[in-house]
Amino acid sequence: MVTLGLRANPSDRLGNSPVGASASCAAGGSGCRVWHARPVNDLVNIRREPAGNAEGLLVLHHGRGSNEHDLIGLADVLDPERRLLVVSPGGPLTLPGWPGRHWYAVQRVGFPDRATFDRAFDSLARFHDSLWEETGIGPERTVLGGFSMGSVMSFATGLGPGRPAPAGILGISGFIPTVEGWQADFAGRPGTRVLVAHGRNDPVIPVDFARSARELVEAGGLELEYLESDAAHHLDPQQVPAIADWLGETLSA
């Protein structure tokens, strides 16, 4: 279920708003388009198929304690003409006492646990590589995006040294990670566009992390769109049109 905000349980999901209205598709609700769930390598994933031949690929990575169904409802919101293949993988990690799936263990916000981060990075890199090989849609036609912890993994794989440069990185309510053994490679991807969206009232990942990401991306010379609002730890519905426009421009035919 797609949500747009904080819940009583310790999970990061996008919460009740018009943005989440299409989430019923992921659960088989009325008005659904074509949804396929399948494993690729070791990650299960769910897909929103394009109306015709895919003009690009959008990969959406969910937040902490959620799953592969959470963000797929954004597909028809961000890509209403169904130009793109939209894929959402589930994280490889489950943690005792926590719901859903995770990408890595959290000991301190901004600083992922190295062991679980490294495993998730390798697993997600294999997933992206397999997806590009399977679909024939390369990284130059791909946007890697996510919410909260999923945003972190989008930055990690999209900016990771030795990884292919995607067309764009969409980071919602997240941060560029600080973790031993990983460092952003801005020089190797001059054509990658970045969008950062964050709320000033975020109690989970403070907005200073977004402002730091803005400084890093700008210093790295990448094209950046920065959206900041009075939202908390959720996607601000008022930011959705700008995100959809950015996505369309990044993956324009």
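Data table
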read-out: Long-range amide H partners of Val44 with built H, under 5 Å; value: Gly90
read-out: Cα-based equivalent ellipsoid, the range 12-250: semi-axes from gyration tensor eigenvalues, Å; value: 23, 20, 19
read-out: Charged-residue dipole, Cβ positions (Lys, Arg, Asp, Glu), the range 12-250 about Cα centre, Debye nearest 20; value: 460 debye
read-out: Selected from Leu195, Gly146, Phe117, residue furthest toward positive end of dipole (the range 12-250; charges at beta carbon); value: Phe117
read-out: 3J(HN,Hα) from dihedral phi, the range 163-177, Karplus parametrisation 6.51/-1.76/1.60, rounded to Hz, x for glycine, proline; value: 9, x, 7, x, 5, x, 10, 10, x, 10, 6, x, 6, 7, x
read-out: Cut-off under 5 Å, modelled amide H: who pairs with Gly63 long-range; value: Phe147, Gly150
read-out: Linear extension gain, Ala244 paired with Asp42, 0.36 nm per residue minus alpha-carbon span; value: 69.7 nm
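A short reminder: the numbers here are calculations on the coordinates, not readings from a lab. Quick caveat: nothing in here was measured; it's all calculated off a predicted structure. Ideal geometry is used to build each Cβ from the backbone, glycine not excepted, and the neighbour counts take in all protein chains shown.
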